[in-house]
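Asks: One structure, as structure tokens, below. Some questions next.
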Amino acid sequence: MSQATKSQGVWGKLGGAGIGLAIGGPLGALIGGVAGHFLLDRLGAPFGRTPRDVVFTTGLVALAAKMAKSDGVVLPSEVEAFGRVIQVEPSARAGVERLFDLAKKTTNGFEAYAHQLATTFGDEPALLEDVLDGLFQIAGADGALHEAEERYLRAVSGIFGFDEVAFRRIAARHVRLPDDPYGVLGLDREADDAAVKARHRALVAEHHPDRALARGLPTEAVAIATRRLAAINAAYDRIAQERGLR
């Protein structure tokens with residue numbers, strides 16, 4: 001099954017009866033504004049487990065929309081990056097755009113969406129890192145992380161439970177920071193060669209896109225994991241070249 005087909009499946013669920021009922025909270029209300037359903041609070045929803053793929057993708061779109069609003073300027077490069085992160089069939093594009101526009105206009109602040117994601121994926125922080133990676137990919141599409149974007153991403157990162165070290169490690173995959181390649185791997189420059197190699201192997205195993213596919217995650221998570229692994233490998237290659245590692 002192609003990635004586009006999988007993403008189409010996520011967006012196709014927005015028109016399904018009761019999808020918002022199964023989600024609830026601010027994201028459920030946002031979906032209701034697009035799908036035209038009246039929603040119940042999650043606590044009283046009779047539709048089984050929350051559909052995590054829809055929560056992930058909807059939350060990513062909502063936070064991207066709030067980031068665009070906080071920055072005040074949406075650059076063509078950011079629009080292009082959004083299209084790479086949120087991959088859908090042309091027939092579903094209008095629905096994504098409606099969701100994005102509605103999220104920008106809602107009275108809910110980004111904190112409400114971030115808290116719902118943090119609660120939903122509290123048992124799987126790697127998914128929260130996926131969301132933050134996706135936001136960084138969009139924000140850093142023009143090659144820089146602007147002050148308003150950095151404040152926004154730090155706030156989201158804090159709600160997700162990431163500390164400053166984790167934030168800088170994630171940021172280093174997308175923007176140039178001091179000790180950039182070491183920051184990507186979460187290492188000090190003083191780490192010996194064996195530690196560098198071991199850390200790289202562990203990160204490749206942890207973040208390989210095949211793991212996202214095996215867990216049945218949406219297209220967006222797989223695409224983010226693919227780019228994240230590329231950044232990890234690029235950082236290791238730089239260190240290996242500097243040190244003459246084989």
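The values are calculated or read from the model by the stated rules, or taken from the named source; none is laboratory data. Computed from a predicted model, the values in this text were never measured in an experiment. In case anyone asks, the SASA skips ligands and DNA or RNA and just uses the protein heavy atoms, side chains included. Shrake-Rupley method; radii C 1.70, N 1.55, O 1.52, S 1.80 Å.
Asks: Can you list, bin by bin at 10 Å, the percent of alpha carbon pairs in the range 133-210, starting at 0?
Replies: Per 10 Å bin, starting at zero, the Cα-Cα P(r) for the range 133-210 comes out as 17, 46, 30, 7 percent.
Asks: Keeping all protein chains in place, calculate the accessible area per residue for the range 179-245 (probe 1.4 angstrom), answer in Å². Walk me through the numbers on the way to the answer.
Replies: Working: 3180 Å² over 67 residues.
Ligands and nucleic acids excluded, the figure is 47 Å² per residue.
Asks: For the range 50-176, what's the radius of gyration and Dmax over Cα atoms, in angstrom?
Replies: Spelled out, the Cα radius of gyration and Dmax of the range 50-176 are 13.6, 41 Å.
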